[in-house]
Every structure is written in C-alpha cells, then in structure tokens.
Amino acid sequence: MFFDVPWNVLALQLFFGLALGAVYVLLASGLSIIYGLLDVVNFAHGTFAMLGAYAVYLAVSLSGNFWVGIVSAIVIIGLIGGMVEWIFLKPLYGKDPLLPLLLTFGMSVAVPDLIKIIFGLIGKPVNYPESLGGATLVGPLILPNYRLFIILFTLAIMISLWIFLKKSDLGMIIRASTRDSLMVQVLGVNVSRIWTIGFAIGIGLAALAGAWEERSWAGSSSAWWWPSPPSLPASMRRSPCIFAWPSSFWCGRGASLARSGESRWKEAKAIPGPFGPC
C-alpha cells in the first residue's frame, strides 16, 4: 500500500521528480515562447534538446571544461534554431498551419537518425565536474549534489527569464508580440526579427535542458522523444512562468517512474524461464 512506504523513500522520490521536473520547466518555457510568438507547436523541441546534449559532449571533448560545454551548447544550438526558423519556418508563415507542424515533425524523425549515423548507437556520456559530485546528507536523505544544483540553477534561470520578459525592452516587445504582433509591427518594430530571436531563445532553453540531462539524451540514441510529450502540458500557458513547475514536476515524476519501469521490464525479460528468457 501507498501508506506502507517509508517517508524518506517518498521524500527521495519527490526530490528526483522535482529535479526532472526542473528540466521539463526549461523545455516547457522554451516551447511556450515559440508557441506564443509563432503559434507553431514545435514537435522538434525534444530533438533540439538532444542536440544540446551532443553539443555538450563535443564542446567538453574539445575544451575539457564542463561549463564551457554548457555555454557552448546554449549558444550554438540557439543559433542553429534561429537559422532553422529563418530558412525553413519563415517561408511557411501565413500558409496552411499544418505545414510548420509537419516540418518540425519531419525534423524530429530525420535529425535523430542523422545523429545515429554520425555518432553511432553507443552513448556519449560526459563526466560531471568534481564540484557537482557526491551527495548532501539532509537528515536520513542522501541528495545528489548534481540534481540539487539543477533545481537551484533552474529556479535562478526562471527568475532571470521572468525579469528579462517583464523589465527589459526586448522582453516587453516579445511579450507584446505574443499578444498582438500586427500592432507591434505598426509601431515600427521588425516583428520578423523578433520571431527569430524568440525562437532562438526557446531553442536555447531546450539546449540547456538537454545539457543538464546529457547522460540520458546523449547517452541513448533513442531517448530523443522523451523530452517533448512531458513538457507539452506545462507549455499550454503562452508565457514562461515558474508556476508551470507543478505540472512539470508531475510529468517528471511520471517519466521517471516510466523509465524505471522500462528498465525493470528489460531486466525481467533477461531472467531465464523454463523455456529460456522471457
């Protein structure tokens, strides 16, 4: 029964759900910026997160510095996202709304296969820095420092993003463009450029989420589809907000349990039975 589970086990599960939910908060915030600005459901959002994971792997391999890899992933994948919007999505605006959806869906299918061809099917994990290794003892709970850092850093990112959108000139233009892009264009603002910048910011957030979960999304060539579905409920709001965290938390908790269930099923299949493995 649920009440028979020790409280410290429940607390640890909640902690891991919160850490994974923090990653989905980053994904959902980027997805909501793109959806709010362009009215496009970006089916390739999880694919860009996967590219962020591989960008960290390449940058760390070249520089030997984990933090350089994180920053490089955000900048490089964000620029690639801006180029994708400018070259492929921009010509589709004003036409059938299914065209951008089909384009991003096609990217979500084609790009992972291209990554498999380039990097192979074997994962490319990156070692975390020593400062994020180990664990913190909180009473009877042993909390991994890396997961604790993800929660705190994501909270700082969300607060910074909120200040940027509320206080800066560019942030207010982005918010206004999500409400009424035609009025913003009448006021003399290049809305097309704002769309590209907003798309690049959203993809940069996805790359950051992929960078945090590099061991999952660059460590497995088939994990590219995991990020998108759980981040969709939290992105139904048209503005990034730290209040999206509760839905992302439950999505993260469900995804974490699903992953553990999948691994346990694989282990069970390997157990020999009377007629061989299950």
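Since every read-out is calculated from the coordinates, none of them should be taken as a lab result. Please read these numbers as outputs of a predicted model, since none were measured by experiment. Note: ideal-geometry Cβ built from the backbone for every residue, glycine included; neighbour counts use all protein chains shown.
Which pairs in the list LYS90/LYS124; LYS90/LYS116; LYS90/LYS166 are over 31 Å apart, alpha-carbon to alpha-carbon? List each step's numbers first, then the result.
Details: LYS90/LYS124 34 Å; LYS90/LYS116 28 Å; LYS90/LYS166 27 Å.
With Cα atoms farther than 31 Å apart: LYS90/LYS124.
Cross-link reach is defined here as a Cα-Cα straight distance under 16 Å, omitting same-chain residues fewer than 8 places apart; for LYS95 the aspartates and glutamates meeting it are ASP39, GLU85.
Label sites at LEU12 and ALA110, each approximated as a point 7 angstrom past Cα along Cα to Cβ, lie 4.6 nm apart. Converting phi to 3J(HN,Hα) with the Karplus coefficients 6.51, -1.76 and 1.60 and the offset θ = phi - 60°, the range 57-64 yields 4, 5, 5, 5, 5, 7, 9, x Hz in sequence order, with x at every glycine or proline.
A simple packing score, the average count of other Cβ atoms within 10 Å per residue, orders the peptides 22-33, 54-65 as 22-33, 54-65, with the highest score first. Packing here is the average count of other Cβ atoms within 10 Å per residue, and on that basis the peptides 74-86, 177-189, highest first, run 74-86, 177-189. For the range 146-152, backbone phi angles converted through the Karplus equation (6.51, -1.76, 1.60; θ = phi - 60°) give residue-by-residue couplings of 5, 5, 5, 5, 4, 4, 5 Hz, Gly and Pro being listed as x.
Under a 5 Å amide H cut-off, with hydrogens placed 1.01 Å from N, ALA135 pairs with ASN145 among residues at least 5 apart or on other chains. Cβ-Cβ distance of MET183 and VAL68, R₀ of 51 Å, FRET efficiency by 1/(1 + (r/R0)^6): the value works out to about 0.80. Shown in residue order for the range 32-39 are the 3J(HN,Hα) couplings computed by the Karplus curve 6.51 cos²θ - 1.76 cosθ + 1.60 at θ = phi - 60°: 6, 4, 5, 5, x, 7, 9, 6 Hz (x for Gly and Pro).
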